[in-house]
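Written below as structure tokens is the structure these notes are about.
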Amino acid sequence: MADTVCNGTHSKKALLSDPQLFDAKFEELVTELTERDFQDPGLADALNRLREILDYNVPGGKKNRGLSVIGSLRELLPPSQLSQGTVQKALMVGWCIEMLQAFFLMADDIMDASVTRRGQPCWYKRNGIGLDAINDSFLVEASIYRLLRRQCRGQPYYVHLLELFNETTFQTELGQALDLMTAPPGHIDLNRFTMERYKAIVKYKTAFYSFYLPVASAMYMAGIDSEEEHSNAKHILLEMGEFFQIQDDYLDCYGDPAVTGKIGTDIQDNKCSWLVVKALEVMSPEQRSVLEACYGRQDEASVAKVKELYNALLMPKLYHTYEEESYQRLQKLIARHAQNLPHSIFLNFAKKIYKRNK
């Protein structure tokens, strides 16, 4: 029976892996949001639209963030405390994080005028959607809080989760504001691209919601709510989040779109990416002139010249050196800050992101 309790499935015959449990949970949550929540027949069209929005935008990614909630909880609690109800709630909270991610991406794609996302057209690019996607993204965000209220309201960690999701959303939106201000459309100013600004953008725009949020959610669900423990976890996870974004920037230029599922546009979009910030630190004045003439331009010739410049500056070599240094730094942070938390939580995350190709 212990296996069944720990796994969160109904019968011993049906033991499923966490990814299988997670995928099975999604349809149940969509049904709850679109069929069980409102009984007003006047809302039928809007609720059908919500189902379509959720199905298209939420489940298509790698799901690392969402799966990290149940993964972390399994490291924090002994199997005897992982009742079926606890596992199901962790799967739900994981999907709330995936919904938060979808909400950010739907809006981000409009702001960046992106074309594809996860190997398919961005939601706003679909026929008949357009800028209605703004309200659609609001619906995805609001769905998070409906699920948390309906399924966690009676739990001692409910308010912690509400505050955590609210705070993380605010931090991410501050990061997005910094990102947009640093590279406004049609205004190219390479002087804005400093490592200090870059790290601030990454910390707030990516690291909090991608790394701290899933682990902190699991910690609160496991009854770990001391500020010291959360501060220690944050030290490690924000470092990991910084590396993850640097890796994302590298893959935007050097990744294979058939593998990553998206066509990189950081150069055309005048993005304050790690590659351009690092290149500015090591290039000659002549090379800077080339970069100033070509960065943030849409034509293929300009993009090709920037990539040639990156290659001449040995950016792949600099990146792989950075990756190795970051991994070593992370090991030291885990040793220093994770005294009372299982190291496996952080090491499991590290295994997923270091040396990834998408």
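The values are calculated or read from the model by the stated rules, or taken from the named source; none is laboratory data. Every value quoted in this text rests on a predicted model; they were computed, and no experiment measured them. Virtual Cβ from ideal backbone geometry, glycine too; neighbours counted across all protein chains shown. Areas reflect the complete protein model, heavy atoms only, side chains present, ligands, DNA and RNA absent. Shrake-Rupley method; radii C 1.70, N 1.55, O 1.52, S 1.80 Å.
Tell me the helices (runs of 4 or more DSSP H) entirely within segment 27-132 that contain at least 1 residues that are of a type in the set (Phe, Trp, Tyr).
Hits in segment 27-132: 44-57, 84-112.
Restricting to segment 157-168, count the residues that are part of a helix (DSSP H, G or I) and buried (at least 18 other Cβ atoms within 10 Å of the Cβ). Reasoning before the result, please.
Step one: of segment 157-168, the residues part of a helix (DSSP H, G or I) are 158-168.
Next cut, buried (at least 18 other Cβ atoms within 10 Å of the Cβ) only: 160-161, 164-165, 168.
Matching residues across segment 157-168 total 5.
So Asn311 clears everything in (1) surrounded by 14 or more Cβ atoms within 10 Å (Cβ to Cβ); (2) at pLDDT 95 or above; (3) not hydrophobic (A, V, I, L, M, F, W, C) except one condition, right? Which one?
(1)
Which is farther than 16 Å from Ile267 by Cα and more than 23 Å from the chain's Cα centre (by Cα), of Ala335, Ala301, Ala350, Ala293?
Numbers: Ala301 fails: farther than 16 Å from Ile267 by Cα; Ala350 fails: more than 23 Å from the chain's Cα centre (by Cα); Ala293 fails: farther than 16 Å from Ile267 by Cα.
Just one listed residue meets the conditions, Ala335.
Search segment 295-314 for residues that are farther than 19 Å from Trp274 by Cβ and pair each with any residue that is of a type in the set (Val, Ile, Thr) when their beta-carbon atoms are under 6 Å apart and the residues are at least 6 apart or on different chains.
Nothing qualifies.
How many residues, within segment 221-233, are crowded, with 17+ Cβ neighbours inside 10 Å and either under 18 Å from Ala350 (Cα atoms) or in contact with a Pro (Cβ under 9 Å, 6 or more places away or on another chain) (or both)?
The qualifying residues number 2.
Give the residue, chosen from Thr4, Thr9, that is modelled with pLDDT under 95 and outside any loop (DSSP other than H, G, I, E, B).
Result of the check over Thr4, Thr9: Thr4.
Taking segment 95-113 as the search range and keeping residues that are open to solvent by 10 Å² or more (accessible area, probe 1.4 Å) and of a type in the set (D, E, K, R), which one is farthest from the chain's Cα centre (by Cα)?
The residue in question is Asp112.
Could you list, in sequence order, all residues of segment 337-351 that are surrounded by fewer than 16 Cβ atoms within 10 Å (Cβ to Cβ), of a type outside the set (S, T, N, Q) and touching a residue at least 40 places away in the same chain (Cβ under 8 Å)?
Pro342
Mind listing whichever residues of segment 178-205 are open to solvent by 70 Å² or more (accessible area, probe 1.4 Å) and either in contact with a strand residue (DSSP E or B) (Cβ under 8 Å, 6 or more places away or on another chain) or among the hydrophobic types (A, V, I, L, M, F, W, C) (or both)?
The answer is Met181, and nothing else.
May I ask you to verify whether Gly154 is part of a loop (DSSP other than H, G, I, E, B) and on the phi > 0 side of the Ramachandran plot?
Values: part of a loop (DSSP other than H, G, I, E, B): yes; on the phi > 0 side of the Ramachandran plot: no.
When the stated conditions are applied, Gly154 does not pass them.
Filtering segment 114-134 down to residues that are farther than 17 Å from Gly61 by Cβ and of a type outside the set (A, V, I, L, M, F, W, C), which residue is surrounded by the most Cβ atoms within 10 Å (Cβ to Cβ)?
Tyr124
Across segment 23-55, what is the number of residues that are surrounded by 19 or more Cβ atoms within 10 Å (Cβ to Cβ), more than 17 Å from the chain's Cα centre (by Cα) and in contact (Cβ under 8 Å) with a residue 40 or more places away in the chain?
Number satisfying all stated conditions: 6.
Which fully enclosed helices (runs of 4 or more DSSP H) of segment 169-260 have 3 or more residues being touching a residue at least 40 places away in the same chain (Cβ under 8 Å)?
Passing ranges, in order: 195-202, 213-221, 227-254.
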